[in-house]
Amino acid sequence: MLETVRAFSALSEEYVEVSLRGNPVAATRAGIHDYDDRLPDDSPEGFLERTAWLRDMDQRLVASVPWDELPTELRVDYALMRSAIAAARADLEEIGVPARNPVRYSETAMGGVFLLVATDFAPLEERKEAILSRLMAIPDYLESAAANLTQVPEIFIQIARDVNGCGPEFVDEVVRTLLRVFPGEAERIEHAGDRARAGFFRYQTFLEQDLSRRAGGSFAIGERWMNYKLEREHLLSMDCDYLEAFGREHVERTAEALEHEARRLDPSRSWRALVDEARVRHPEARRLREAYAAEVERARRFVEEKHLAPIPRARLEVVDTPLFERPTLPYAAYLSPAPFDEEQTGLFYVTPVDLDRPREEQEQRLQGHCYASLPMTVVHEAFPGHHLQLCHANRAGSRLRRLANSDLLAEGWALYCEELMVEQGFGLDPATRLFQLKDQMWRACRVVVDVGLHSGRMMVEQAVDYLVDVAMLERANAEAEVRRYTLTPTQPLCYLVGKELLLEIRRETEQRRGPAFDLYDFHAELLALGTIPPFLIRQELAERMASR
């Protein structure tokens, strides 16, 4: 067993090192700062090299490590590694993400700079050179990445134009930030900014003229590859047919719960009427971020006082969503601290309402932040949702485990927390429970829409209408949501599926522990395992709980 452990540990460390060296932006995101001055080699040759290395790594892992000789914790790491390799290879070799998705390149260019500006892992004086280097690298990076793009679905080009169009304004913000602190280096800073802007302008011309002429094909990856990702990436024994039925069943079940809650609040009115009435009670556009910050503190105190889960020693800042993320993030999101950074500060993004948009659209956006729903967004993104869970995951086991990023666990946990907090009495507005169920309906609709879009059973317009009619999303927000779903097959379904799997694990643990079951202890041990697929949790969690 010792030799097997050594062999696996060596391969695991190689996998982490080579993966991060090959993707400097992911390395920065992880808190490894050896490559902060670079952007990835996302040229066609770079992707070929990455694909060959993944294939070789998988072969060596299977040939040299008998997984059944590993202890439980390392068996989980072994499964994580094989799953990550399988998912990456499918994206590169079969689904062809680099050739289909022009959005990822603009996001990588801006994200690589944003991480260096927004996260205080070192004084700005130390980060400045890396920021300037990445700004300077943007034109060559985008030009080499554009060579991957052959026939691209029209909707991806539309999204890419919106995202990349934010590039010059984003660069302006970065340049202003640097100039305020380093006015004596204005020439260098302006030069780097000019070069980065030119790169985004050239890529925009490429998107609007060259690539648009070659637009075509479907954004859908097809049922075969949906099923592959479900099995190999998420480790689910569920296929598209099962999940579509699962989603529709939960739509019906949640509709019944909504009707029951509406009768409790006002027997004379439907849940839809009550939702519409509550939506008009929302913060002012200019005080949106302030409202979220106040609710974050209230949620943190509630979790602590109710003894629901251990509070991590990590700060949380509420900030505006970065410009380049806003076309696909209509509400809010979360950026966790890097697992290997000493400073642990999470960023809670709140997407501001664009005051230049028509008043009717502004009101639609604001209704998505109404006082009845705002607490559930905070629960999901902050306490005890993503911020609490991901900060614990940053201190989990091995380096490989700290880099694990199962959406089933992360999004399932956050949705689980929404129900948990309502059950525990969190929420000041009488309609909060109604909105928690409405948001659960939205997540059930996501399962139907995700499977429908990528199996080819549902068109974009149908998906938008479905979210508006069934989940009562505002149309502007529903359109932004569906655009994101087209880019992220299997991610939208993870919320409800992950929640149900976690509830199942909790019930199993309660039955096994009997009177000794304690909710805080259960959450503490679950959170310590990292952001891993729920399928891998059961045995390791059982062993940890037995030792309490």
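Observations, loosely collected:
- Coupling constants for the range 313-329 follow from the phi torsions by the Karplus curve (6.51 cos²θ - 1.76 cosθ + 1.60, θ = phi - 60°), and in residue order they are 8, 8, 7, 9, 10, 8, 9, 5, 4, x, 3, 6, 8, 5, x, 10, 10 Hz; glycine and proline get x.
- FRET E, pair R315, T177, Förster distance 22 Å, beta-carbon r, rounded to 0.05: 0.65
- A Cβ-based charge dipole, computed about the Cα centre of the chain with Lys and Arg at +1 and Asp and Glu at -1, lands at about 540 debye.
- Across the range 2-213, counting alpha-carbon atoms alone, Rg and Dmax equal 19.7, 61 Å.
- Dipole magnitude (debye, nearest 20) for the range 2-213, charges at Cβ of Lys, Arg, Asp, Glu: 340 debye
- Given charges at Cβ of Lys, Arg, Asp, Glu: the range 227-498 dipole, positive-most of S455, A257, L308: L308
- Sorted on the mean count of surrounding Cβ atoms within 10 Å across their residues, most packed first, peptides 401-410, 205-214, 319-328 read 401-410, 319-328, 205-214.
- In the range 227-498, the DSSP beta bridges split such that about 40 percent are antiparallel, to the nearest 5.
- When the Cα positions of P183, S12, G199 are compared along the charge dipole of the range 2-213, G199 comes out farthest toward the positive end, with charges on each C-beta of Lys, Arg, Asp and Glu.
- Cα→Cβ-extended label distance, 7 Å offset, between Y242 and L428, nm: 4.4 nm
- Rounded if a/c under 1.5, otherwise prolate or oblate - the range 52-146, Cα gyration tensor axes: oblate
- Sequence-ordered 3J(HN,Hα) estimates for the range 534-544 from the Karplus curve with 6.51, -1.76 and 1.60 and θ = phi - 60° stand at x, 4, 8, 7, 3, 5, 5, 5, 4, 5, 5 Hz, glycine and proline given as x.
- For the range 114-234, size of Cβ-based charge dipole, Lys and Arg +1, Asp and Glu -1, in debye: 280 debye
- Cα→Cβ-extended label distance, 7 Å offset, between K306 and R475, nm: 3.7 nm
- Interchain or long-range residues, amide H under 5 Å from V318's placed H: F348
- Three-way shape call for the range 305-437 based on the alpha-carbon gyration tensor, with the a/c threshold at 1.5: oblate
- A cut-off under 15 angstrom between Cβ atoms defines the neighbours of E259, and their net charge, with Lys, Arg +1 and Asp, Glu -1, is +3.
- Most tightly packed first, judged by the mean number of other beta-carbon atoms within 10 Å of their residues, the peptides 266-272, 459-465 read 459-465, 266-272.
- Antiparallel bridges, percent of DSSP beta bridges restricted to the chain (to nearest 5): 40 percent
- Separation of alpha-carbon centers, the range 505-548 and the range 448-469, rounded to whole Å: 36 Å
- Ranked by how many other beta carbons lie within 10 Å on average, peptides 249-262, 472-485 from highest: 472-485, 249-262
- Label-zone membership for the range 243-283, site R507, 7 angstrom Cα→C-beta point, backbone N under 15 Å: 250
- Cα shape, the chain, gyration tensor, a/c 1.5 rule: rounded
- Counted by Cβ distance under 11 Å from R395, the other residues give a net charge of +3, where Lys and Arg count +1 and Asp and Glu count -1.
Read-outs throughout are calculated quantities, based only on the coordinates presented, and are distinct from any laboratory measurement. Given the structure is predicted, the values throughout are model-derived calculations rather than measurements. No Cβ is skipped: glycine too gets one built from the backbone with ideal geometry, and neighbour counts run over all protein chains shown.
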